[in-house]
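Below is one structure, written out as structure tokens; the observations come after it.
The values are calculated or read from the model by the stated rules, or taken from the named source; none is laboratory data. Quick caveat, the model's predicted, so the values are computed rather than measured. Positions of Cβ are backbone-derived with ideal geometry, glycine not excepted, and every protein chain shown enters the neighbour counts. Note: areas computed on protein heavy atoms with side chains; ligands, DNA, RNA excluded. Shrake-Rupley method; radii C 1.70, N 1.55, O 1.52, S 1.80 Å.
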Amino acid sequence: MKSQTMKGIAALLVTLGLVGGMSACATPPVAQSDGPVVAFYGDSYTLGTGASDPSRRWSTIICEGRGWAEFNPSVNGLGFVNNRPSVGDGDLLSQIIERGPQIVIVTMGLNDNFSYEFAASEIEEQISADFERLSDGLPEARIIAVEPFWYTDERPRSVEVIAGWVADAASEIDADYIAGASRWLEGRPGLMSQDGLHPDDDGYAELAERMDAELEELGL
């Protein structure tokens, strides 16, 4: 029954844009700031889908509050494996490494839950490969991995498994890890947008507040 439920959810998400979706048509500019360049490697929850304006997404709130220059090429539906037509030259990691940020915040993994039943090994391998690539390409950058976000109170086992793989991969390259993010909106349907899949402005404000506190704990 759970398998059928997840397949139904996956089909719905493809229709509504959480796991399908737009790709990066052009490299987004770095927001103007004298502070460090901070790159975000993420999906729709970091792109800001569901917000009334990009300025209301959590990444932009964080950067504006800290005087950081934001570089956010995140893509709807992107996962370590999901909705990823190519790996290597031209992908989001290439864009991030080319930009040369001082800080990279990785918020990936939500969408990979919808491929977990048939691609678990590939997901685990790609998570490690992506973190190694970031470490090799940006040896001076501070890399922060965030437990993958989640959007419903129902949680398939894969949520914890994929989060564990992200934590392990972060540890392998001595990156920081922020735990608990998959539960930051749990039990709070009033913080979701009309599509029921993405946060609204208040939801993104909540994510920004929680993320800000975690970053302070890391000394940032």
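Here Phe149, Phe131 are screened, and the one residue that is touching a helix residue (DSSP H, G or I) at 6+ places or on another chain (Cβ under 8 Å), assigned to a loop (DSSP other than H, G, I, E, B) and either under 20 Å from Glu214 (Cα atoms) or free of Cβ contacts under 8 Å to residues at least 60 places away in the same chain (or both) is Phe149. Quick check on Gly180: is it in contact with a Pro (Cβ under 6 Å, 6 or more places away or on another chain), closer than 22 Å to Trp58 by Cα and modelled with pLDDT of 95 or more? Considered against the rule, which asks whether it is in contact with a Pro (Cβ under 6 Å, 6 or more places away or on another chain), closer than 22 Å to Trp58 by Cα and modelled with pLDDT of 95 or more, Gly180 comes out as no.
Yes/no per residue for (1) open to solvent by 60 Å² or more (accessible area, probe 1.4 Å); (2) of a type outside the set (Lys, Arg):
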site: Glu132; (1), (2): yes, yes
site: Ser135; (1), (2): no, yes
site: Pro139; (1), (2): yes, yes
site: Ile143; (1), (2): no, yes
site: Tyr151; (1), (2): no, yes
site: Arg183; (1), (2): yes, no
site: Arg188; (1), (2): yes, no
site: Met192; (1), (2): no, yes
site: Ala213; (1), (2): no, yes
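For the range 85-123, the candidate set comprises residues that are crowded, with 18+ Cβ neighbours inside 10 Å and assigned to a loop (DSSP other than H, G, I, E, B); within that set, the residue that is modelled with the lowest pLDDT is Asp91. The single residue among Ile144, Ile62 that is within 20 Å of Gly164 (Cα to Cα), not in a loop (DSSP other than H, G, I, E, B) and not hydroxyl-bearing (Ser, Thr, Tyr) turns out to be Ile144.
Take the conditions (1) touching a helix residue (DSSP H, G or I) at 6+ places or on another chain (Cβ under 9 Å); (2) open to solvent by 20 Å² or more (accessible area, probe 1.4 Å); Ala163 misses just one of them, which is (2).
Across the range 161-220, the number of residues qualifying as in a loop (DSSP other than H, G, I, E, B), over 17 Å from the mean Cα position of the chain (by Cα) and closer than 15 Å to Ile144 by Cα comes to 5. Looking at the range 24-35, is at least one residue touching a helix residue (DSSP H, G or I) at 6+ places or on another chain (Cβ under 6 Å) and at pLDDT below 95? So far as the range 24-35 goes, yes, one or more of its residues are touching a helix residue (DSSP H, G or I) at 6+ places or on another chain (Cβ under 6 Å) and at pLDDT below 95. The residues listed here are Gly77, Gly50; of these, the one that is in contact with a Ser or Thr (Cβ under 7 Å, 6 or more places away or on another chain) and open to solvent by less than 10 Å² (accessible area, probe 1.4 Å) is Gly77. Considered as a group, the residues in the range 168-181 that are touching a strand residue (DSSP E or B) at 6+ places or on another chain (Cβ under 6 Å) and open to solvent by less than 30 Å² (accessible area, probe 1.4 Å) include one that is farthest from Glu140 (Cα to Cα), and that residue is Ala181. Restricting attention to the range 198-209, does a residue exist that is open to solvent by 10 Å² or more (accessible area, probe 1.4 Å), touching a Ser or Thr at 6+ places or on another chain (Cβ under 6 Å) and over 22 Å from Gly88 (Cβ atoms)? Looking through the range 198-209, at least one residue is open to solvent by 10 Å² or more (accessible area, probe 1.4 Å), touching a Ser or Thr at 6+ places or on another chain (Cβ under 6 Å) and over 22 Å from Gly88 (Cβ atoms).
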